[in-house]
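This report refers to the structure that appears directly beneath it.
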Amino acid sequence: MNILIADDEPLARERLRRLVSSLPGYHVCGEAADGDSTLQKVAELEPDILLLDIRMPGMDGMEAAARLSSLDNPPALVFCTAYDHYAIQAFDVRATAYLLKPVRKEALAEALDRVGRVNRVQRQQLAEGNSHKRDQLAVRTHRGTELIDLGDILYCEADQKYVTIHHRGGETISDYTLKELEASYPDQLLRIHRNTLVGVRFIKALERTGENQNRIILRDRPERLPVSRRHAADVRQWLQEHQPG
């Protein structure tokens with residue numbers, strides 16, 4: 001993942017660069033020393049993540065962040081500052097994390113990991129050139145990249161390391177987690193079990209078995225998917241809100 005560092009202090013930028021270089025999977029693609037150059041570098045380099053100071057000459061980091069938040073695909077934002085009283089404002093501009101200087105390696109690693117967990121699905125879409133096709137999921141397989149229409153997903157089932165996506169075209173094994181898919185597509189995928197998400201277009205009804213268990217009946221499909229007690233109330237609420245009568 002490419003990271004842009006924006007801070008008016010050269011020593012601060014150098015420290016962050018060293019910390020980033022010590023973490024696998026991350027690369028510093030550029031630096032900026034004020035808000036204006038930050039906007040320019042974001043447009044030029046298209047970083048995945050921006051490590052941003054707040055107090056900088058000219059346009060400060062908060063104003064730069066506000067402008068970036070209006071973009072269709074802004075970089076994930078992590079504030080790195082010496083001042084703790086901007087925290088509430090930071091989350092108004094959709095910051096993922098707010099770190100106080102001197103930034104510790106452990107805190108930075110945790111913040112970057114959080115960015116990755118939340119945004120990995122969207123980054124995959126961008127990497128495959130499908131950012132405009134939010135109705136499709138790009139999945140890397142041994143055959144290459146497979147595009148699956150979200151409206152064709154019946155259910156997603158976790159099994160150890162991988163998630164099997166069952167769709168109208170068959171089955172596709174993915175290394176996305178259920179949590180990533182659920183967070184990225186909350187309107188299309190509903191959690192019914194710790195191991196299962198179901199495509200809402202295919203939910204027909206909720207049935208109760210003789211063993212006092214709940215199961216989802218899918219439209220035009222023979223599968224009956226178990227619903228855990230923990231998620232049964234959410235499923236009933238969804239049915240009440242979306243099913244006629």
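The values are calculated or read from the model by the stated rules, or taken from the named source; none is laboratory data. Bear in mind the structure is a predicted one, so any value in this text is a computation, not a measurement. Positions of Cβ are generated from backbone atoms using ideal geometry, with glycine treated the same way; all protein chains shown enter the neighbour counts.
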Residues located in the range 100-116, provided they are crowded, with 16+ Cβ neighbours inside 10 Å and more than 23 Å from E180 (Cα to Cα)
V103
With surrounded by 14 or more Cβ atoms within 10 Å (Cβ to Cβ) and not aliphatic (A, V, I, L, M) as the only criterion, which of G58, G25, G35 stands out?
G35
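Okay, residues lined up against (1) in a strand (DSSP E or B); (2) within 24 Å of R114 (Cβ to Cβ):
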| position | (1), (2) |
| --- | --- |
| K179 | no, yes |
| E182 | no, yes |
| V198 | yes, no |
| E207 | yes, no |
| E211 | no, no |
Tell me which of these S70 doesn't satisfy, since it passes every other one: (1) closer than 22 Å to E106 by Cα; (2) surrounded by fewer than 23 Cβ atoms within 10 Å (Cβ to Cβ).
(1)
Return the pairs, sorted by first residue and then second, in which the second residue is acidic (D, E) and part of a strand (DSSP E or B), the first residue lies in the range 219-245 and is at pLDDT 90 or above, the beta carbons are less than 9 Å apart, and the residues are 6+ apart or on different chains.
R224/E207; L225/E157
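Can you tell me how many residues within the range 10-62 are in a loop (DSSP other than H, G, I, E, B) and in contact with a Lys or Arg (Cβ under 9 Å, 6 or more places away or on another chain)? Can you show your working first?
Taking the range 10-62 as the starting set, the residues that turn out to be in a loop (DSSP other than H, G, I, E, B) are 22-26, 33-34, 46-48, 53-60.
Add one more test, that the residue is in contact with a Lys or Arg (Cβ under 9 Å, 6 or more places away or on another chain), and what stays is 22-23, 33, 47-48, 53, 59.
Qualifying residue count for the region: 7.
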